[in-house]
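A quick write-up on the structure given underneath.
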Amino acid sequence: MKLLVINGPNLNMLGLREPGVYGNDTMESINKEILSKAKEKGIEVNFFQSNIEGEIINKIHSAMGVYDGIIINPGAYTHYSIAIRDAIASVNVPAVEVHLSNIHKREQFRHTSVTAPVCTGQITGFGKKGYIMALEAFCDE
Ligand code: DQA
C-alpha cells in the first residue's frame with residue numbers, strides 16, 4: 001500500500017495561520033504523525049504541498065500507476081478548482097478529501113466542494129486527525 005498526501009495552498013502556513021481555526025500544529029509535525037501511523041500499519045506514504053494549482057494537477061497525474069490512494073486537502077481550491085476535480089477524475093487512483101476545519105460550518109462559499117464528488121469520501125472538521133482517519137479508510141479497503 002502506497003499513499004500520497006497532497007496539501008494545497010496556504011497549508012504550508014499551518015501553525016502560523018489562523019490557529020483558532022486550523023490549530024497550532026505545523027504541516028511538518030502533522031506529516032510526521034501521519035508517517036508514524038503509516039509505518040505502524042506498514043504503509044508507504046509520500047507528501048506533497050503546493051500553492052500552485054498546476055503543480056497539484058501534475059502531481060495527481062503522476063500518481064497514476066504509482067500510488068494506491070491519494071489523501072488530498074485542496075485548501076481553497078476545493079471550492080472552485082474544476083481543473084483539480086478533473087485531474088482527480090482522470091486518474092484511476094481513489095482519493096479521500098480532508099479538511100481540518102468543518103467547511104460546512106463556515107462561510108457559505110466554503111460549503112461547496114467541487115472536488116468531493118470525484119473522491120471516495122470527504123472527512124471534514126476533525127483537525128489533523130482527519131488525515132489519520134483517511135489513512136485508516138484506505139487500510140480497511
Ligand atoms: C481547508 C478549508 C478551506 O476552506 C480553506 O480554504 C483551507 C483549509 C481546511 O483544511 O479546513 O485552506 O481546506
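The values are calculated or read from the model by the stated rules, or taken from the named source; none is laboratory data. Since we're looking at a predicted model, the values are computed, not measured. Backbone-built Cβ (ideal geometry, glycine too); neighbour counts: all protein chains shown. The accessibility values were calculated without ligands, DNA or RNA, using every heavy atom of the protein model including side chains. Shrake-Rupley method; radii C 1.70, N 1.55, O 1.52, S 1.80 Å.
General remarks:
- Reported count of residues in region 23-36, each being under 14 Å from the mean Cα position of the chain (by Cα) and touching a residue at least 24 places away in the same chain (Cβ under 8 Å), is 3.
- Restricting region 37-55 to residues that are open to solvent by 50 Å² or more (accessible area, probe 1.4 Å) and assigned to a loop (DSSP other than H, G, I, E, B), the residue that is farthest from GLN122 (Cα to Cα): GLY42
- Checked against (1) surrounded by 21 or more Cβ atoms within 10 Å (Cβ to Cβ); (2) assigned to a helix (DSSP H, G or I); (3) near the ligand (Cβ under 10 Å from one of its atoms), ALA76 passes all but condition (1).
- Residue match in region 109-120 (condition: at pLDDT 95 or above, under 25 Å from ILE57 (Cβ atoms), within 10 Å of the ligand (Cβ to nearest atom) and of a type in the set (A, V, I, L, M, F, W, C)): yes
- PHE138 meets the stated requirement of being aromatic (Phe, Trp, Tyr), more than 11 Å from the chain's Cα centre (by Cα) and assigned to a helix (DSSP H, G or I).
- Verdict on ALA87 being surrounded by 15 or more Cβ atoms within 10 Å (Cβ to Cβ), more than 14 Å from the ligand (Cβ to nearest atom), of a type in the set (Gly, Ala, Ser) and at pLDDT 95 or above: yes
- The criterion of being in contact (Cβ under 8 Å) with a residue 60 or more places away in the chain and either within 12 Å of the chain's Cα centre (by Cα) or under 20 Å from MET133 (Cβ atoms) (or both) holds for MET1.
- Selection within region 95-104 - under 27 Å from PRO19 (Cβ atoms), without any contact (Cβ under 8 Å) to a residue 40 or more places away in the chain and more than 10 Å from the ligand (Cβ to nearest atom): HIS104
- If you check ASN92, ASN58 for being away from the ligand (no atom under 14 Å from the Cβ), open to solvent by 10 Å² or more (accessible area, probe 1.4 Å) and assigned to a loop (DSSP other than H, G, I, E, B), only one passes: ASN92.
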